[in-house]
Amino acid sequence: MAELWLVRHAQASFGAADYDKLSELGHEQSRALGAALKAFGMVPDAVFIGAQRRHRETWEGINTAFGMSAAPEVLPGFNEFDFKGLLDARYAGKERPTDLHTDRRTHFKMLRETVLEWQADDIISPPERFSDFAGRVREARQRAAQGGERVMVVSSGGAIGQSVAEVMDAPADAMIRLQLQIKNCSITRLIVTPSGTEHLSTFNETPHIDAANARFLTYS
């Protein structure tokens, strides 16, 4: 039996030219999570990360506490869906909101609407079909579950939201509702039985956040 710890990446650089790199607060969050996990004795047997920069930098921060020498295995199946590509397809030949990447309220409203259209196959020529996204995330979880009894995965909110929705056999739109609630550097735990059946154990844990460092509570 395996326990997967699905860790959402630390705070990225919202509104910057390169969203994929962690903010200064994000680097602090990742180091704090690593220290908290080590204090609880939660050292993983294996580590898997998506192929995006924010996944790698989050793991590097966590690993300042663990000091693990082995490099994590990179599974692109844990990458986030291409929101920019979906927007380009959705708004092909149309005008899009000008403050999409600077105003958080507008950004997340558009994220939700775009994902719902994507799931309904209402976006023409998306960079990836929703069914393909769901399939690659599932395959990545299956591979990670073979890594040991306690396996850490550093991924993104969409992949984690989809994982929880699928495990709970929830409606498709549960994915984006879950995604919008997932905190940076939070942990969602799945139990995977030897037969491959998945069960949700915990959702959105933040062992590194308390009253003294409430500023670590972020969502983007």
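Within the range 20-66, track down each residue that is among the aliphatic types (A, V, I, L, M) and in contact with a Gly (Cβ under 6 Å, 6 or more places away or on another chain).
We begin by selecting, within the range 20-66, every residue among the aliphatic types (A, V, I, L, M); these are 22, 25, 32-33, 35-37, 39, 42-43, 46-47, 49, 51, 62, 65.
Hits for the range 20-66 are A46, I62, A65.
Would you check if there is a residue in the range 31-38 being in the same structural domain as P76 (by TED's automatic domain parsing), closer than 19 Å to E73 by Cα and within 18 Å of the chain's Cα centre (by Cα)? Break it down stepwise before answering.
Applying the first criterion (in the same structural domain as P76 (by TED's automatic domain parsing)) to the range 31-38 yields 31-38.
When the remaining residues are screened for being closer than 19 Å to E73 by Cα, the result is 34.
From what is left, the residues that are within 18 Å of the chain's Cα centre (by Cα) are 34.
Yes, because at least one residue in the range 31-38 is in the same structural domain as P76 (by TED's automatic domain parsing), closer than 19 Å to E73 by Cα and within 18 Å of the chain's Cα centre (by Cα).
Going by the structure shown, is R136 under 15 Å from the mean Cα position of the chain (by Cα), farther than 19 Å from K38 by Cα and either among the charged types (D, E, K, R) or at pLDDT below 95 (or both)? Spell out how you get there, then give the answer.
Working: under 15 Å from the mean Cα position of the chain (by Cα): yes; farther than 19 Å from K38 by Cα: yes; either among the charged types (D, E, K, R) or at pLDDT below 95 (or both): yes.
Considered against the rule, which asks whether it is under 15 Å from the mean Cα position of the chain (by Cα), farther than 19 Å from K38 by Cα and either among the charged types (D, E, K, R) or at pLDDT below 95 (or both), R136 comes out as yes.
Of these, L86, L37, L75, L6, which one is more than 30 Å from P194 (Cα to Cα) and touching a helix residue (DSSP H, G or I) at 6+ places or on another chain (Cβ under 8 Å)?
Working: L37 fails: more than 30 Å from P194 (Cα to Cα); L75 fails: more than 30 Å from P194 (Cα to Cα); L6 fails: more than 30 Å from P194 (Cα to Cα).
L86 is the lone residue from the list that is more than 30 Å from P194 (Cα to Cα) and touching a helix residue (DSSP H, G or I) at 6+ places or on another chain (Cβ under 8 Å).
Tell me which residues, restricted to the range 161-208, are in contact (Cβ under 8 Å) with a residue 40 or more places away in the chain, more than 15 Å from the chain's Cα centre (by Cα) and in a loop (DSSP other than H, G, I, E, B).
A172, D173, T193, P194, G196, P207, H208
Can you name the number of the only condition in (1) in contact with a helix residue (DSSP H, G or I) (Cβ under 6 Å, 6 or more places away or on another chain); (2) crowded, with 22+ Cβ neighbours inside 10 Å; (3) within 25 Å of D45 (Cα to Cα); (4) aliphatic (A, V, I, L, M) that V115 fails?
Unmet for V115, out of (1) in contact with a helix residue (DSSP H, G or I) (Cβ under 6 Å, 6 or more places away or on another chain); (2) crowded, with 22+ Cβ neighbours inside 10 Å; (3) within 25 Å of D45 (Cα to Cα); (4) aliphatic (A, V, I, L, M): (3).
V154 fails exactly one of the following numbered conditions: (1) touching a Pro at 6+ places or on another chain (Cβ under 8 Å); (2) more than 23 Å from R112 (Cα to Cα); (3) surrounded by 15 or more Cβ atoms within 10 Å (Cβ to Cβ). What is the number of that condition?
With (1) touching a Pro at 6+ places or on another chain (Cβ under 8 Å); (2) more than 23 Å from R112 (Cα to Cα); (3) surrounded by 15 or more Cβ atoms within 10 Å (Cβ to Cβ) applied to V154, the lone miss is (2).
The values are calculated or read from the model by the stated rules, or taken from the named source; none is laboratory data. Quick caveat: nothing in here was measured; it's all calculated off a predicted structure. Glycine also receives a Cβ, built like all others from the backbone with ideal geometry; neighbour counts cover every protein chain displayed.
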